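Working notes, structure below.
Coordinate-derived values only; no laboratory data. Predicted model only: the values in this text are computed from it and were never measured. A quick note on method: Cβ atoms are made from the backbone with ideal geometry, for glycine too, and the neighbour counts reach across all protein chains shown.
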Amino acid sequence: MKKIKIIGLSILLFGISTITTAQNQAPVLNAGSTIKQAYCPETEIIIAPDFTITDEDDLGVDSFSIQISSGYFSNSDLLELNLQDHPNIKKDWSSVEGKLKLTPKGGTQILYTDIQKAVRAVVFKSSSSNISGEKYFSFTIGSANYLPSTEHFYVFESDLNITWTDAKTKAEGKTYYGLKGYLATILSAEESQISAEQISGAGWIGANDKAQEGVWNWVTGPEGVINFWNGTFTGSAPIDATTGLPMYSNWNTNEPNQSGDEDYAHITDNSIGLKGSWNDLPNEGGGGPYQAKGYIIEYGGMPGDPVLQISASTSIYVPKIATISPDIEVCAGTSVNLIAAVTEGTIFWYDALLGGSLVSTGDTFTTPVLNSSRTYYATASPIGCATSDKSGSNNGIRFTYC
């Protein structure tokens, strides 16, 4: 909730007391220029070396969060901060949320100067040698989860035995730096991960089939009414006209089952299904693992929302060789033009699998004149990476002679 700050003096004018007020200005977060970096497996990398945070009228906040907001694997991924150089900060790592929370060590606020210094030192590391794809990191005030692809925030509100209708009303009465809240609408797998799997708590989400039995719609949020499922657990998802693919859903096994008057969607307790999966419940919820423990609020995208920079994001990627020239037969005294393609980034060519010299960079490599059998290796990993894509035999091109 925004604070109101008195910035004027009360003055008496013709017997009327006048007070000038202004809204507290939201902080501005910027990830800087280094927002996407190549990652060498089984190493660590500073995720936001150029991060800045500024605020026109405040010096700090009570907490700050850095989260692996997309591509998170709880059994191998970690964010770490060495507190030796940050004496005013306490840290707390949540393996469930993939979140590193920073709070003040003494006092009520963590200063922006300390936050900026700390964030620039946070490192990501993974114990997996098979890491692939991209991972996104979000930087936010407080404890809200932020998803860069939607630019929305997600918060679980604990409220035991709340009904769906009351949860909807409460969610719509909340704000986050002026952004209007609503029960979460989960339209993709990554949105499900950040809003449900990485939040510890079972709760209501913004879907129901109240208007017509078996026609499940998202009914909250800026998108309006969206039909995403028809029927019970034997039903199907309609096709998304934009993507040509079935609409996203994440129902638990044999759900929805309309076991009674069950018209409202709920994130299941982890004891009865996969984390983040859904089931249908009556408005008042159920008992045991079906008990309503709260609700998930989403902020962002509503008409009239202010334009803010209260979050920032960076990412890393692990490049991979997508295609490469096959082994070929050449005649001695011949130079050969080799071609490879990478998923993202730059290709590096080496003359040996281990301990070799870098001989070229780029999608193509023209060999020197070949007078003996040779194998060249292409890698998409950063220079100097000990664990790289060139370790795979598929990335070596072997020359034999006619």
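General observations
- Prolate/oblate/rounded call for region 156-300, Cα gyration tensor, a/c under 1.5 rounded: rounded
- Of the residues S249, A265, Y299, the one whose Cα sits farthest toward the positive end of the charge dipole of region 156-300, with +1 on the Cβ of Lys and Arg and -1 on the Cβ of Asp and Glu, is Y299.
- Of all DSSP-defined beta bridges confined to region 156-300, some 90% are antiparallel rather than parallel.
- Within-12-Å neighbourhood charge of G71 [Cβ basis; K, R +1; D, E -1]: -2
- Each Lys or Arg adds one and each Asp or Glu takes one away; over the other residues whose Cβ falls under 13 Å from the Cβ of T103, this sums to +2.
- If both residues of a DSSP beta bridge must be in the chain, then about 90% of such bridges are antiparallel.
- Most tightly packed first, judged by the mean number of other beta-carbon atoms within 10 Å of their residues, the peptides 76-84, 182-190 read 182-190, 76-84.
- When each of the peptides 215-228, 240-253 is scored by how many other beta carbons lie within 10 Å of its residues on average, the order from highest to lowest is 215-228, 240-253.
- The relative contact order of the chain comes to 17 percent, based on Cα pairs under 8 Å that sit 6 or more residues apart.
- The structure shown yields semi-axes √(5λ) of the Cα gyration tensor in Å, and of the options (1) 47, 32, 18; (2) 44, 27, 17; (3) 40, 23, 19 that calculated value carries the label (1).
- Extending 7 Å from Cα along the Cβ direction at V330 and again at A352 yields two label points whose distance is 2.0 nm.
- Summary of packing: across the peptides 119-126, 49-56, the per-residue average of other C-beta atoms within 10 Å ranks them, highest first, as 119-126, 49-56.
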